[in-house]
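Just so it is clear, none of the values below were taken in a lab; they were calculated from the coordinates. These figures come from a predicted structure and were not determined experimentally. Glycine gets a Cβ as well: all are built from the backbone with ideal geometry, and neighbour counts include every protein chain shown.
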């Protein structure tokens, strides 16, 4: 685990987050008073067993889910009171996501999948293609840009997902179990790519139960039964 700088700007602040699912005796407390701060340019790992609240925390921090109580601010913007339109805009322009399920569109080529965030923003075609070429070279897939996702290995598909996250130049990348379905060597390659994103000034938050993720993180938060620690 590397050491995070002490003078970095705080990008995300969460205070006293509470989240429950269900009602009555069947209710489950996913988050129980969680505080988190994320600084610009760090790789934060959130670890813990399945069901510990890791994914719920990531969803609340990124504005996908609204907590039952507590606050989340992103660069000074209160996500818990912001409208859905603003949260969607922030996620589209300043955040990116990498999930274990990948969410690649099977009918689109590698390049088309990677370019999609910029297409949705309405950027011009020449800029999109240049950015796509650059990021695919970065993840080592420049020779596979016309390939469909179904013709790629699992590791290659995950690298496409990372490239899609990188192309939009986000302030923060949220990664939920990005290496969960990969072998050790491929998992290491994906984490190196995410580490590289941090080295260019982005923040990366990785939710994982894999112990080796902590090896490339600046900081590790361990969750258990909806709390940190």
* Output the peptides 121-131, 91-101 sorted from most to least packed, where packing is the average of other Cβ atoms within 10 Å over each peptide's residues. => 91-101, 121-131
* To do: Relative to the longest principal axis of the C-alpha atoms of the chain, give the angle of the C-alpha long axis of helix 110-121, reported between 0 and 90° and rounded to the nearest 10°.
  => 60
* Asked: Roughly speaking, what is the centre-to-centre gap between region 166-184 and region 135-164 when only Cα atoms are used, to the nearest Å?
  -> 13
* So if we plug the beta-carbon distance of residue 127 and residue 9 into 1/(1 + (r/R0)^6) with R0 = 35 Å, what FRET efficiency do we get, rounded to 0.05? -> 0.80
* Asked: Which length gain, in nm to one decimal place, applies between residue 68 and residue 120 when the Cα-Cα distance is subtracted from 0.36 nm times their residue separation?
  -> 15.6 nm
* Structure fact -> The helix 154-167 Cα axis meets the longest alpha-carbon principal axis of the chain at an angle in degrees, between 0 and 90 and rounded to 10, of 80
* Over region 70-229, relative contact order from alpha-carbon pairs under 8 Å, at least 6 apart, % -> 24
* Could you please state, rounded to a whole Å, how far the C-alpha centre of region 56-81 is from the C-alpha centre of region 91-128? => 24
* Mind pulling the angle between the C-alpha long axis of helix 125-138 and the longest principal axis of the chain? Nearest 10 degrees, somewhere in 0 to 90. => 80
